[in-house]
Every structure is written in C-alpha cells, then in structure tokens.
1. Here are 149, 112, 121, 175: which of them is more than 30 Å from residue 341 (Cβ to Cβ), touching a helix residue (DSSP H, G or I) at 6+ places or on another chain (Cβ under 7 Å) and either surrounded by 14 or more Cβ atoms within 10 Å (Cβ to Cβ) or modelled with pLDDT of 95 or more (or both)?
2. When you scan segment 478-495, do you find a residue that is farther than 20 Å from residue 376 by Cβ, part of a loop (DSSP other than H, G, I, E, B) and either assigned by TED's automatic domain parsing to the domain that holds residue 354 or touching a helix residue (DSSP H, G or I) at 6+ places or on another chain (Cβ under 6 Å) (or both), even just one?
3. Quick one: residue 145 ticks every box in (1) under 15 Å from residue 216 (Cα atoms); (2) touching a strand residue (DSSP E or B) at 6+ places or on another chain (Cβ under 7 Å); (3) touching a residue at least 24 places away in the same chain (Cβ under 8 Å) except a single one, so which number is it?
4. Checking the conditions here, which among 49, 75 is within 27 Å of residue 266 (Cα to Cα), free of Cβ contacts under 8 Å to residues at least 40 places away in the same chain, loosely packed, with under 15 Cβ neighbours inside 10 Å and assigned by TED's automatic domain parsing to the domain that holds residue 143?
5. Would you say residue 26 is touching a strand residue (DSSP E or B) at 6+ places or on another chain (Cβ under 8 Å), in a helix (DSSP H, G or I) and at pLDDT 95 or above?
6. Looking at (1) in contact with a helix residue (DSSP H, G or I) (Cβ under 9 Å, 6 or more places away or on another chain); (2) modelled with pLDDT of 95 or more; (3) over 30 Å from residue 197 (Cα atoms), which one does residue 389 not meet, given that it meets all the others?
7. Would you confirm, using the coordinates I've provided, whether residue 76 is in a helix (DSSP H, G or I) and either at pLDDT below 95 or within 30 Å of residue 140 (Cα to Cα) (or both)?
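The values are calculated or read from the model by the stated rules, or taken from the named source; none is laboratory data. None of the values given here were measured: they were computed from a predicted structure. Cβ placement follows ideal geometry from the backbone for every residue including glycine, while neighbour counts extend to all protein chains displayed.
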C-alpha cells in the first residue's frame, strides 16, 4: 500500500438536512479510512497520531446565495444559519461513527485565505482573465449551463425542473478550453482514474464536444445574497463562484506544513451528479497551479426506495430519521436493536457504488442482515465460542502444529467428496483479495471475501461435526486433541474474518475482540495481524468468553421501523 492515504467526500451544501446521500458517501470514506489505518497498524478510529498516514476529510459548502436568503427567512445571519446546519452535519456523522480527521467549512479563514492565494497565482500565470458571461444559469444549483445542455433539458433545471435563467454579467474566467487536449489524454490514459468505467466514458463523451472557458466569479451588487463569499483578489466587485470556492477545500484543508505529505488525494468520493466539476475543472486548476493530481475520482450512483425514485411528492426520502429508526429497530424476541453496525453493513454491501442506482428496500435489509450478520458472523462466532466454552472450559485449545485438515464425506447420490481445509491459505487469500478490492474501491467485494471466510468455517463445522466428536471423546472413542485442533481452526479463522469486517462493523467486532481477548496489537499491520496462528493469532490456553450474541436474527414478519 502507498505510504499515505487521503480520502475526501464532497463538502455538503449547508442548506440541506443530512440524508442518506450524505451519509452514504461519508460512510464509504469512513470504511476506506478505517481499512487503511488497520492495514498500517494504526488505530481504526484515527486521531492526531494517524493523520500523517491516513487522512479523511469532509465538511460543508457555505458560500451560496440561497444560504443568505434562507437564513433571512429564519431571522438569522448567513453565518449563524451556516453554524447551525454545519453543526447538524457534524453531529450526525459522529452519531454514525464516522472517523473524519477534519471537518472543513468554506466560511473558515483558513480556507478563504488559501483560496485567495491560489486564485492570485492563477491570475498571475495568465490562467484567469476578465470577460462577460451571457448564457443559462440554474438558480437552485447555482450552476452555469451550456447552450447544448440547456437545450437538451428543454431549458429546465435537470435537478428541480424549474426554468433556467438567462443571464448577462461581467465575470472572471478560468481558461479551461486551453486544457482540452491535456484532459483528454489524462483521462483516456487513466493517469487520472475515473470510476466506474461508465462514468469515465460519460466524461470523455462530453469532453469531446469541446470545452468553454469557465466563469469563476459573480458580480457583487447591493443585493445581500451576492455579498456572502470570498472576494476576487484585487477586485472587491466580484466574489468567487461557489463551485470554484468549494473545490479548493480539498487542498486548503491539507495545505499546511503538518499535512502536506498526504497530498494528493488517493480517492475522491462523490455522487455522480457532481462528477463533471471534479473530473474536468478541478484537475485543470490543479495542473495550472503545478499541484499533483488526485489518483482516483469515484462517482457513485443514487438510491431509490422500494423500487421507486425518491421524491417530495411521494414522501419517500430516506431521511436521517429513517436511518436512525433502522439502527434502533429491534425485530426479535429479546428486543435488542440491530444497531448502527447493521445499517453500515447494509449500505456498504448493497449501496449504489456501481454505475447503476441501488434500491433501499426493507425486505432486502432483513435478508442481508440475517444472511451475513445474524446467520453469518454472529451465529458462527457464537457456535465456536460456545463449543470452546463447553468442551475446553473457555480456553483456546491447542492446534498441535496442525493447521490444515482433510475430510472425506459420503454424498447422498453415492460415492464421497474429499475436502482439504488449508486454513493458512484460506485466510491469506481472503486478506490479499480484500486488500486488492479496497485498492479498487470495490467495498462490497472486499467484504464479500470476509463473508466467504465465515462460510468456510460453517462448511468446516458441518464437515467435521465437532459436536459429534465431543460425544465420542466422552466415550473414549475419539481424541480430544483432534477436537481441539478443529475448534482452534474455526476460532482463528473467525478472528481473521473479524479483522476484515471491522472497518464496516467496528462496534460489533470490537465486542468480539474483547470477549475473545484478541484485540489487535497496536502498531502491527494487517498482514501480520492476520497471519493464521502467527505471533498475533489466538494463543492456546487464552480465555474465550461466550459473551453476547453479536446479531440476533431478525423476524421477517416484524413491522418495519416507523
């Protein structure tokens, strides 16, 4: 893995309320940050001591005309309104366990000062010139729209459906058109990687239509809405266009002596609707500044709900309240909630990370929860822990140097099937393949390797039948050492699967580590932690407590969360 890893989310529009889109993108970043910390032997929760190697950034985008007008309707100043809503985003992200190293706000002086420096440099280099804009403007999105796009959209906003506004105003422009050939080569060659592949092709298709220079300022007038923002260096009659201001946050947050080593971003995550600015305008500005470029731009798709597009008319938006209700849902006789970890798992494994939208379905949530968590890692850890408690007094048995096992089973149709359970190979392959998947941002595939490892343990238990061997041991007809070897293999494989699942299930895997006395040693990278029966594996004789059931099976007939 590279020496440092820097992952970003978009900064979120401060007029919004946190919803599934914001939470999903930030969860992806949190998972990647946690995994990369684990891989390097750092605490998964991050902190000042880890930020020089793994850095996660999120924040809020605050310099917008609508922030001013909305604040006024609430009797607040723009900055007071932004303070209130930015705090709401931070609180939600903390509630969901996101381990961001910094939360940047575009109204902070540290950001505004740096943006002014960057634009001054671009102006001095001749990449910015003054001109006049005449064309279409999407007021709701605060975005300029080309004539071609406006015509395709019937001169309506692609987001709200409201009419576009024709504007003519003086601006400063960034000379984007001069980077046309460079951008085509950059993206075609995968020097700048854009994923999924379909998104890359969309960007190239639009790029080949030709680039225009980009307005980067808006004129300041007597209207208070035009006065909230960063002024153009050397010309107070213009303020920086909100999109240009916002894009620079990824650099301003780390453009300090303490953080510069994490630049450039390893992965920049976003929804597909804002890819163009990130894939075209952003790298061109960085190139003009002489800055190294991001390595991967990943634009995920969107959510539908129960097969329908989310809309205000249908009232089916997945709000924060809906997400919180799922974390508190207790669809079992013990009235135990499924917890935040179950929601994290569902979003990470079933979310719209590919080029197609994903459906948030209650039935699918229950299906995945039961299959992967309740009947998967939860049941497997419980079975193994219970057998060690029952047959070995809660002490990890000795593998006696035997780390593989061959089993021959009869089959119903006649004949027999031969299994070779090579646990060092099984677990090493799972770790290797998980790391490879994470490096491609294929999170569902990475977690799938951990699920497969748990399934191998279940297959092994069914093939070796340790509970039957235990009865033979009591009769003096089987070796207790052989039983111990089987249970050691099971427990050690579950431990390693838990490591691979921990970035998605931090609370529950933390519980497993505590009850099994196998919390990862500080400063030890994943490759060493996950060595089967290695220096950091389970030790014969150490205590394993049965503990609580990690995930209670959900009753599919239980009413969905309100």
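1. Selected residue: 121, the only one of 149, 112, 121, 175 that is more than 30 Å from residue 341 (Cβ to Cβ), touching a helix residue (DSSP H, G or I) at 6+ places or on another chain (Cβ under 7 Å) and either surrounded by 14 or more Cβ atoms within 10 Å (Cβ to Cβ) or modelled with pLDDT of 95 or more (or both).
2. Checked segment 478-495: at least one residue is farther than 20 Å from residue 376 by Cβ, part of a loop (DSSP other than H, G, I, E, B) and either assigned by TED's automatic domain parsing to the domain that holds residue 354 or touching a helix residue (DSSP H, G or I) at 6+ places or on another chain (Cβ under 6 Å) (or both).
3. (3)
4. Of 49, 75, the one residue that is within 27 Å of residue 266 (Cα to Cα), free of Cβ contacts under 8 Å to residues at least 40 places away in the same chain, loosely packed, with under 15 Cβ neighbours inside 10 Å and assigned by TED's automatic domain parsing to the domain that holds residue 143 is 49.
5. Yes: the conditions hold for residue 26.
6. Just one mismatch for residue 389, condition (1).
7. Details: in a helix (DSSP H, G or I): no; either at pLDDT below 95 or within 30 Å of residue 140 (Cα to Cα) (or both): yes.
In short, no.
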